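Coordinate-derived values only; no laboratory data. Since this is a predicted model, take the numbers as computed values, not measurements. Cβ placement follows ideal geometry from the backbone for every residue including glycine, while neighbour counts extend to all protein chains displayed.
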Amino acid sequence: YQGCITEEVDGVERYRELNRARTDFFAGIPFDNRPVPTLHRGQAVYPASTGIGTLCHGLITACMALHTKRDDVFLLPLENPLQTSAFDYPKEYSVKSPKFARAMAVRTGEDVTIWISGTASIVNSETVYKGDAVGQTEQTLTNIEKLIAPENFARLGWADAGATLADLAKVHVYVKHATDYEKVRAVCERRLGRLPAIYAVADVCRPDLLVEIEGVAFSRVRKPNSEA
């Protein structure tokens, strides 16, 4: 939670400065050699993350860490086929790009939990449906749908995993303008049903983004037909 996230201080947007500071701090952490196994050994695997704005100028951070001695726990960072990876954003968005994965899947035996980062109406690296809260909500949910889909899991190395919007257990929906709340909620309830949801009026990391959604999904790996 970053106060006045899109405000400029000495000519630099506060969120861009956060990205610079995070990149500098992460440089000293061995994300390319995680203790929990991934398919990306030797490559940096960044955490899932949401950055959202508040009214004050402070900074509040919270995190979840995973430590286990089990040999059936694995991580898979998810990137979205519709979006440029945040850590590959061009410099027009930040001198040092945001260092986070679009989602992190945690596989424990036959169960998969997907922690979905804050997701917005971005295709490739560009904001779409500018000024249209309904259009942005639709695109955001489509981005999440494609992110957690079995086809994306297969593309990234787990051919027997994946989820749908129906597997979401909860969502947090951040709405920039209170006047858009009813419209945003109507889209979410139509596409997600009445799952547990928290709606909050909060600023988003770009001036032209009106909505951001994060969530958690639960699913199970698919067994081969012969074992069904």
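So in the chain, what percent of DSSP beta bridges are antiparallel if you round to the nearest 5?
So the antiparallel bridges in the chain amount to around 75 percent.
With labels modelled as points extended 7 Å from the Cα through the Cβ direction, what inter-label distance (nm, one decimal) is found for A44 paired with R220?
Rounded to a tenth, the inter-label distance reads 3.8 nm.
So, counting K/R as plus one and D/E as minus one, what does the shell of residues with Cβ under 12 Å around R185 add up to?
+1
Obtain the nm distance between the two label points defined at R194 and N33 by a simple spin-label model: each point lies 7 Å from its Cα along the Cα-to-C-beta direction.
5.3
Could you work out how far the C-alpha centroid of region 1-80 sits from that of region 127-188, in angstrom?
Region 1-80 and region 127-188 have Cα centres spaced 20 Å from each other.
Based only on other Cβ atoms within 10 Å, what is the fewest-to-most ordering of L210, L18, L76?
By the 10 Å Cβ count, ascending: L18, L76, L210.
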